[in-house]
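Notes for the one structure printed next.
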Amino acid sequence: MTTLKASGSPDHKLAIAEIVETLSDGELPLRFSAYDGSAVGPEDAPYGLHLKSTRGTTYLATAPGDLGMARAYVSGDLEASGVHPGDPYEILRVMGDELQFRRPSAKTLATITRSLGWDLLRPIAPPPQEHLPRWRRIAEGLRHSKSRDADAIHHHYDVSNTFYEHVLGPSMTYTCACYENADQTLEEAQENKYRLVFEKLGLQPGDRLLDIGCGWGSMVRYAARRGVKVIGATLSRSQADWAQKAIADEGLSELAEVRFTDYRDVPETGFDAISSIGLTEHIGVGNYPAYFSLLKSKLRDGGLLLNHCITRPDNKSQARAGGFIDRYVFPDGELTGSGRIISEMQNVGLEVRHEENLREHYERTLAGWCQNLVDNWDACVAEVGEGTARVWGLYMAGSRLGFERNAIQLHQVLAVKLDSNGRSHLPLRPWWS
């Protein structure tokens, strides 16, 4: 195929595949083809990308990087071959390992611009699944205000309970599972995660547990089945409605409830334990002092807090998520390292007693969710539309790769509220398996 360098003519207009080849640093690891009939890359490559329309070109050209790719893919203008849209992990792995791009020279950029034409370089409306950009969200309230947090949670969690049932499975658990061995099923590993949290918190019948960001109430019901009195809090009305019905169906209403409320508005105090499973990612790093102070105030002396959340692999990286995650998955989401989380807990007077990284467990959990999406693809598309289903396949497969490559981690941190004399009232050694 003719490349820009080989053409030598300043008036030569590049085909779409020629532009991709020009920008690629090294051999393409997949087959790329476009609507103009051009193609580049090995003809026998197991994976490929096909750009179907000029709209897809505009998305790629006007938002370079993961956001532009996501827009083209979610809209259906960029098709991947060799993988299922419910689990594009393999093509993402190959692209992450072998696909590199180089910054074009001014001359090359001018040639690319002339080849595309200004009509294709004018920004257009993104797919409907995309959330507002950060600057537009200011009109919805200050970052991590109650109203803005509620809007962000609604965007992510109020997709469809039926859709989540298909993807998450019977446990309705949208957080990292904990596998005892490689042969455990996703459901068994989720049950084991709740056992681990329950035991780390030292819960006994009659104890009181506050579960914040409780999702569909799986931890709430796990604890209530064992005689613990539980209050769950979620900012998703659909989650709260689903959870309350599940509580009633199991006959647990005297012990458990899930409230549609901000965790900051729960008035009760004196809890024996608090579980925060997958909420801290939504809090905002700058709000950690207030967050952990509030949780401490809700505990009795000797009460335990288990904080379970996704983290960065270090404490120096930017907290904000990338373009695709911020606009399509977790608006306003922020991640930091486990060291920052531990420090913030200690700084408000909580004593950290244990922490562990479940990174490989989340990699396996996401593979299970992707398989569920593949197995239930037609039903998921019928429920939420193909664009939204594509978002989830892309997000979960990409996250799996992130955990695999140590771009992100999952940490559980256990802390205790000491009494006025500095006593923890805890056993000398870990009391869980």
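The values are calculated or read from the model by the stated rules, or taken from the named source; none is laboratory data. Note that the coordinates shown come from a computational prediction; the quantities given were computed from them, not determined experimentally. We place every Cβ from the backbone using ideal geometry, glycine too, and count neighbours over all the protein chains shown. Calculation scope for accessible area: heavy atoms of the full protein, side chains included, ligands and nucleic acids excluded. Shrake-Rupley method; radii C 1.70, N 1.55, O 1.52, S 1.80 Å.
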Neighbours by Cβ (under 6 Å, 6+ apart or cross-chain): first from region 410-433, surrounded by 12 or more Cβ atoms within 10 Å (Cβ to Cβ); second charged (D, E, K, R) and outside any strand (DSSP E or B): Leu410/Arg359; Leu414/Lys200; Lys417/Lys296; Trp432/Glu199; Trp432/Lys200
Qualifying residues in region 167-181 (those that are surrounded by fewer than 23 Cβ atoms within 10 Å (Cβ to Cβ) and more than 14 Å from the chain's Cα centre (by Cα)) - the one farthest from Gly215 (Cα to Cα): Asn181
Selection count, region 349-364, where residues are farther than 19 Å from Trp432 by Cβ and either charged (D, E, K, R) or open to solvent by 30 Å² or more (accessible area, probe 1.4 Å) (or both): 5
Flag if Arg226 is open to solvent by 50 Å² or more (accessible area, probe 1.4 Å) and part of a loop (DSSP other than H, G, I, E, B): yes
Residues (within 17 Å of Ser343 (Cα to Cα), under 20 Å from the mean Cα position of the chain (by Cα) and surrounded by 23 or more Cβ atoms within 10 Å (Cβ to Cβ)) located in region 277-299: Thr280
Any pair with Cβ under 7 angstrom, 6 or more apart, that starts in region 323-339 at a residue that is closer than 16 Å to Leu132 by Cα and ends at one that is of a type in the set (Asp, Glu) and open to solvent by 10 Å² or more (accessible area, probe 1.4 Å): Gly323/Asp66; Phe324/Asp66; Arg327/Glu130; Tyr328/Glu130; Phe330/Glu281; Gly333/Glu281
Answer residue from region 296-327, given it is outside any helix (DSSP H, G or I) and out of contact with any strand residue (DSSP E or B) (no Cβ under 8 Å at 6 or more places or on another chain) and is farthest from Asn347 (Cα to Cα) among those: Gly322
Residue in region 51-58 that is within 30 Å of Ala367 (Cα to Cα), crowded, with 18+ Cβ neighbours inside 10 Å and at pLDDT 95 or above present: yes
Close pairs (9 angstrom Cβ cut-off, 6 or more residues apart or separate chains): free of Cβ contacts under 8 Å to residues at least 60 places away in the same chain and assigned to a helix (DSSP H, G or I) in region 358-385, open to solvent by 40 Å² or more (accessible area, probe 1.4 Å) and among the polar types (S, T, N, Q) anywhere: Arg359/Asn406
